[in-house]
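Step one of this worksheet: look at the structure below.
The values are calculated or read from the model by the stated rules, or taken from the named source; none is laboratory data. Here the structure is a predicted model, which is why all the values come from computation and not from measurement. Cβ coordinates were reconstructed from backbone atoms using ideal geometry, including for glycine residues, and neighbour counts include every protein chain displayed.
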Amino acid sequence: MPFPYVLLSAAVSLDGFLDDTGPERLLLSGPADFDRVDAVRASVDAILIGAGTIRADNPRLLVNAAERRAARVAAGRPEYPLKVAVSGSGDLDPDARFWHTGGEKVLYTTDEGAERARRAGVAADVVPLGPGLDWPALLSHLYEARGVRRLMVEGGGTVHSQLLRQGLADELQLVVAPLLVGDPGAPRLFGPGEYQRGRLRLLETRRIEDVVLMRYEPTAPGSGPTAVAADRHWLRIACELAVRCPPSRTAFSVGAVVVAADGTELARGFSREAGDPVVHAEEAALAKIDPADPRLAAATVYSSLEPCARRASRPAPCARLILDAGVRRVVTAWREPDTFVAGADGSGLLTAAGADVVVLPEYGAEAREPNRHLLG
């Protein structure tokens, strides 16, 4: 299922709190950072918050700058991003400002919650997700039914925690304010639970008045047949590597990356790398790793094209090289067509040997692009 790019946005105190327990919302940022958030809002297709944030803050969730709204309209986009609320119970105040400002609104809830929200007269497109909240189904619906490609999530802590724990967040934009709350009853950004493995990659740090913005992205691969946001990140890199291949009329252009379970990149490669006219991408990447590296057993190979099951140029096809290296998880964008090998089925060879193969067809166009001359 294709999902939007999910960007988590939050501001916290030095001791990790989103707010205090006072009657008024604690302002953690200043005017310059509020303007930055406004620019991010203007750049996305939808903004999402949880029911707790609606109840606690009664936000309008708008793009405030008129010039940014005008730029959206000039680009053929709605004046405001789609506003998305999530509530398991559907027990929401129909008079909240969220429903009566900005553009279109959608509420994702449970079957029971949908009945409650409709009876209350909530002014939104109410979408039931079944007996419980299903985040993959929610994101897929936003992508397919509402055309959302970039989604900004502004809270609260429960929503942020659930998306990170399920590996659905592509980026975290975190602002740290020079305040200490110290109240154990105050809401925190992240609750306890099992989160993704490994360290997040730091993309940017920026001082904004007296706060600091930090941007991170998860890097740890998923496990088994389930894809996480980091899988999409690494597969995009594999597709970008395919563009670097010297052109050929007799072989595909493919990129590959090998990543350890903690998100450490072990190696990357691409077809015909270093002037070798017959080397394949996975072969080039694996050749750069010590065969005794213990991380290979839990690693993931990302390949823009399904690893080959048969080849004439070398004794072992790439699917066999992957298995011999001990790797048991492969993520790819595109199943090999019959252009050079009839009935190619590298995925079948891998799965028969107990490996998990995850296909993300939403990256198929990127994988095929450097091979257009071979596909007629």
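Glu336 meets each of the listed conditions (1) surrounded by fewer than 15 Cβ atoms within 10 Å (Cβ to Cβ); (2) assigned to a loop (DSSP other than H, G, I, E, B); (3) not aliphatic (A, V, I, L, M) apart from (1). In the set (1) surrounded by 15 or more Cβ atoms within 10 Å (Cβ to Cβ); (2) over 19 Å from the mean Cα position of the chain (by Cα), Tyr216 fails one condition alone, (2). For region 319-376, the set of residues classified as farther than 19 Å from Thr226 by Cβ, touching a residue at least 60 places away in the same chain (Cβ under 8 Å) and not β-branched (Val, Ile, Thr) consists of Glu336, Phe340, Glu366, Ala367, Glu369, Pro370, Asn371, His373, Leu374, listed by residue number.
Meeting the requirement of 3 or more residues that are within 25 Å of the chain's Cα centre (by Cα) and at pLDDT 95 or above, the helices (runs of 4 or more DSSP H) wholly within region 88-202 are 135-146, 157-165. For Ala70, the conditions (1) of a type in the set (A, V, I, L, M); (2) surrounded by 14 or more Cβ atoms within 10 Å (Cβ to Cβ); (3) at pLDDT 95 or above all hold with the exception of (2).
In the condition set (1) outside any helix (DSSP H, G or I); (2) over 20 Å from Ser223 (Cα atoms), His373 is compliant with all but (1). Whether a residue is in contact with an Asp or Glu (Cβ under 7 Å, 6 or more places away or on another chain) and either basic (Lys, Arg) or not assigned by TED's automatic domain parsing to the domain that holds Asp45 (or both) was assessed, and Arg197 passes this test. Residues of region 299-329 that are closer than 21 Å to Gly198 by Cβ and surrounded by fewer than 17 Cβ atoms within 10 Å (Cβ to Cβ): Gly326 alone.
Pick from region 283-293 the residues that are farther than 23 Å from Pro361 by Cα and either over 28 Å from the mean Cα position of the chain (by Cα) or charged (D, E, K, R) (or both): which of them is surrounded by the fewest Cβ atoms within 10 Å (Cβ to Cβ)?
Just the residues of region 283-293 that are farther than 23 Å from Pro361 by Cα, to begin with: 284, 286-293.
Now narrow it down to the ones that are either over 28 Å from the mean Cα position of the chain (by Cα) or charged (D, E, K, R) (or both): 287-288, 290-293.
Numbers: Ala287: 14, Lys288: 12, Asp290: 9, Pro291: 10, Ala292: 7, Asp293: 15.
Within region 283-293, the match that is surrounded by the fewest Cβ atoms within 10 Å (Cβ to Cβ) is Ala292.
Contact map, region 170-184: first residue in contact (Cβ under 8 Å) with a residue 40 or more places away in the chain and assigned by TED's automatic domain parsing to the domain that holds Leu26, second residue surrounded by 20 or more Cβ atoms within 10 Å (Cβ to Cβ) and among the polar types (S, T, N, Q), Cβ cut-off under 7 Å, separation 6 or more or different chains; pairs are Gln173/Ser9; Ala177/Ser13; Leu179/Ser13; Leu180/Ser13; Val181/Ser13.
If you go through region 1-51 and keep only what is loosely packed, with under 14 Cβ neighbours inside 10 Å and of a type in the set (Lys, Arg), you end up with just Arg25.
Here is a check on your reading of the model: is Val63 more than 23 Å from Leu203 (Cα to Cα), part of a loop (DSSP other than H, G, I, E, B), among the β-branched types (Val, Ile, Thr) and free of Cβ contacts under 8 Å to residues at least 60 places away in the same chain? Yes; evaluated as a whole, the condition is true for this residue.
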